[in-house]
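A short reminder: the numbers here are calculations on the coordinates, not readings from a lab. A quick note: this is a predicted structure, and the numbers were derived from the prediction, not measured. Counting neighbours? That spans all protein chains shown, and the Cβs are built from the backbone with ideal geometry, glycine included.
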4 protein chains.
Amino acid sequence: MSAPLRVTVWNEFRHERSNPKVAAIYPDGIHEALAAALRAAGHEVRTATLDEPEHGLGGDVLGASDVLLWWGHKAHAEVSDEVVQRVHARVLEGMGLIALHSAHFSKIFKRLMGTSCDLKWRVADERERLWVVAPGHPIAEGLPERIELVREEMYGEHFDIPPPEELVLVSWFQGGEVFRSGCCFRRGAGRIFYFRPGHETYPTYHEPLIQRVIQNAVRWAAPVDAAAPRRGRSDALERIG
Amino acid sequence: MSAPLRVTVWNEFRHERSNPKVAAIYPDGIHEALAAALRAAGHEVRTATLDEPEHGLGGDVLGASDVLLWWGHKAHAEVSDEVVQRVHARVLEGMGLIALHSAHFSKIFKRLMGTSCDLKWRVADERERLWVVAPGHPIAEGLPERIELVREEMYGEHFDIPPPEELVLVSWFQGGEVFRSGCCFRRGAGRIFYFRPGHETYPTYHEPLIQRVIQNAVRWAAPVDAAAPRRGRSDALERIG
Amino acid sequence: MSAPLRVTVWNEFRHERSNPKVAAIYPDGIHEALAAALRAAGHEVRTATLDEPEHGLGGDVLGASDVLLWWGHKAHAEVSDEVVQRVHARVLEGMGLIALHSAHFSKIFKRLMGTSCDLKWRVADERERLWVVAPGHPIAEGLPERIELVREEMYGEHFDIPPPEELVLVSWFQGGEVFRSGCCFRRGAGRIFYFRPGHETYPTYHEPLIQRVIQNAVRWAAPVDAAAPRRGRSDALERIG
Amino acid sequence: MSAPLRVTVWNEFRHERSNPKVAAIYPDGIHEALAAALRAAGHEVRTATLDEPEHGLGGDVLGASDVLLWWGHKAHAEVSDEVVQRVHARVLEGMGLIALHSAHFSKIFKRLMGTSCDLKWRVADERERLWVVAPGHPIAEGLPERIELVREEMYGEHFDIPPPEELVLVSWFQGGEVFRSGCCFRRGAGRIFYFRPGHETYPTYHEPLIQRVIQNAVRWAAPVDAAAPRRGRSDALERIG
């Protein structure tokens, strides 16, 4: 058993309050479903949502977070640039970031990736199979060779991200598409995992294997205890000339 | 002999007009030294500089550029966000980008990388050796196993970039540091090469082997002729349910 | 138009002589179908097959090959270790290698990969869709966003290869699997492309888009003209102590 | 504090018995110096050496090893192919492998890499600086930005390995060379770390920071608890046709 991490789950928390179908699945919000799974894994978890002051990420919340989860969808534009800047700096400093589903279009993910992060999509109650393509990866720990989701939204290629440093999961969709669904990136001292599933109208985050991937990803993305590299003007270590 | 490419060389062009030492090395500006080497390689080359209207990148200059070279140093902040946005979109569309030396801190490079792009530096007339670590790479074509520069500025690790998809050159510096000096990235349909050498007070861009790397990089970064991927809402290709 | 390359197409050439169904599709052998497509692209192409002396790879055939294509299936064990050793050395020296379909289990591919190269498979006349996941890659030049094959053999994950340096194509199969179908590797000074489609009982290599991928891959895998790196005992370049 | 791992340290153990200079540095052999550092980190450590029956790797030693360290130099050819085959299979199954210094030329490392693994070298009592180029990587945990070794053997590029999936450390040498000194690879379900320092005539493995890298690497290379992927003939999951 590894040491507990300080995890912050951020959620837009709008669909759950306006769409009864979503509220029925996530009565306390997607953030609470995610937080419960991470508390069960032994972590210290807090939540933060868009409509709180500073989106719940004020004070030293970020400084006291080892890993941040991000779920957003229809209100990306409402996230303040100042908070995005703060999250960005904290990721480069070492905080892990787990970008979930439609967070592919969040300001923070796009800023870290440097690309459009655009993709194909379709909501048609179709089957998704996530195949493990990196069986020895820590994020695949405890997984079978594939995860089946009976109904999910489709995301299809081309997904406009930088080539992932490690590709852990590839999705098959009933309607004919594939998608790189579990993607690892390093930026600065921070690690980032993009994980595809989780459309708000499906009970995806209640699935034990989906929770397992997220628990694994949090553990994988935990900061490493090391001095920040020094940069800027530097004296020579050896004699020159 | 491959087909000629449409290359645009962008230069800040300030040091050359204010510092006699730089003007002595590059009397027509760094851009003209680079352009001459690329014209010699058979390309159609134009130049653009900071103080031209729209920094010389107005109209359809970018649309008519296969590859853009970028040299900037002390006036990164003066580059307009609108032009940066236009270059960014064009790279994702397929235009190659060669970021030279202090362009590591340019707005466009930082935006494409998503990181701070910070590093160590020192101007101390010291020897640099660039070692080829990917001998079969197109950017290494025609090179010996290392390139020696008698005097250059030092850049040292940690260089805060995403892990390069391909690492072609690693520098050794006399004062004791190393640096990832030739780094390949793909973003959208575009290819990006970061190439370290080229401090304005040294005649680096007159060195034939440095010119050769840049010629190779331009060829490597040329756009691929392919349809842009379709994204957004998509119909199923197979029957669902 | 780039310079023509010297290409050797190697084929096991057993199915075509024993199975009338295969002979009907490839009357002159798979190698001749592949050779025709590469001649049409302007290359100098020769062929070599298992039952020729030294498998057709004697004398200086390899030394005079820029790129080697390899198709084998049921007789991998009959390929002599000496020839494998010769091909291996030539790839490290810079010759490109295109491993096609069941060549995933060839001695040469397994030796270059260092892994089992095992996978799932099924012959069930099912639809395959190859999606481009790297739209700016030279191997994707001229392709639409996906290639459809009405009937092919299925190959499924986990495919036990090292993580590809560049992943260009991912396949969707009607029966429910995905597969990393277009994979780039660098070994020594040589470049290797694994390309999945091509079961002998389907006319896959007559498909123009499949031919296009192979033409692109041959161009991509062409050797770079550069001095071989020196290795072994080396004198210091700088004074020590 | 994470769970202890079962670690096996393999050493050729010849230099220590024939060269008094080496014996003075490692009186109980390099393996015991490494084992002590790993026991101090809480692991269950056993050792194995070339001249034991089956090189100390008989019975279920490998099956009971989570991570294997390998140090060899002048007797690579004496390692039996059968043992190499057994280690290879076990790495693909998930066992971690830490290849130390001259193990770059060991049969097992070359087999896993698929390349010549050749490099430049020089024994000249020169200074080495290992710079961290991936500050957020678990293998860099607790390290300063560089490690200094006052005297070591030089290894120089080009190092003929596949491009590392993750590059953690790059060495600077006083005599003018650079080297990729800390390299991560995944093969099958196993993880491999190549770590450069450790020439037998220098007390390198007594250095606390070098021990720290090895402790970190062992932790990083630990197997992931997951079902082995099924391969071979597979039934369809969805209806075809």
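Overview of values
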| quantity | calculated |
| --- | --- |
| Test: D:E145 is within 17 Å of B:V170 (Cβ to Cβ) and facing chain A (nearest Cβ under 9 Å) | yes |
| Selection within the stretch D:15-31 - without any contact (Cβ under 8 Å) to a residue 24 or more places away in the chain and either surrounded by fewer than 19 Cβ atoms within 10 Å (Cβ to Cβ) or over 19 Å from D:R46 (Cβ atoms) (or both) | D:R17, D:S18, D:P20, D:A23, D:A24, D:P27, D:D28 |
| Odd one out for B:Y205 among (1) of a type in the set (F, W, Y); (2) away from chain A (no Cβ under 13 Å); (3) part of a loop (DSSP other than H, G, I, E, B) | (3) |
| Enumeration of residues in the stretch C:164-214 that are aliphatic (A, V, I, L, M) and either farther than 21 Å from C:P138 by Cβ or touching a residue at least 40 places away in the same chain (Cβ under 8 Å) (or both) | C:L169, C:V170, C:V178, C:A189, C:I192, C:L209, C:I210, C:V213, C:I214 |
| Count - residues of the stretch A:116-142 that are basic (K, R) and away from chain D (no Cβ under 12 Å) | 2 |
| Of all residues in the stretch C:96-115 being β-branched (V, I, T) and buried (at least 24 other Cβ atoms within 10 Å of the Cβ), the one that is farthest from the other protein chains (Cβ to nearest Cβ) | C:I98 |
| Scan of the stretch D:164-201 for residues that are among the β-branched types (V, I, T) and facing another protein chain (nearest Cβ under 7 Å), ordered by number | D:V170, D:V178 |
| Failed item, numbered, when D:E238 is tested on (1) under 17 Å from the mean Cα position of the chain (by Cα); (2) surrounded by fewer than 20 Cβ atoms within 10 Å (Cβ to Cβ); (3) within 14 Å of chain C (Cβ to nearest Cβ) | (1) |
| Only one of B:D125, B:D81 that is surrounded by fewer than 19 Cβ atoms within 10 Å (Cβ to Cβ) and at positive phi | B:D125 |
| Checking D:G156 against (1) within 11 Å of chain C (Cβ to nearest Cβ); (2) touching a helix residue (DSSP H, G or I) at 6+ places or on another chain (Cβ under 9 Å), the condition it does not meet | (2) |
| Residue within the stretch B:213-233 that is part of a loop (DSSP other than H, G, I, E, B), under 23 Å from B:V178 (Cα atoms) and small (G, A, S) present | no |
| Residue match in the stretch B:211-223 (condition: more than 13 Å from the chain's Cα centre (by Cα) and among the aliphatic types (A, V, I, L, M)) | no |
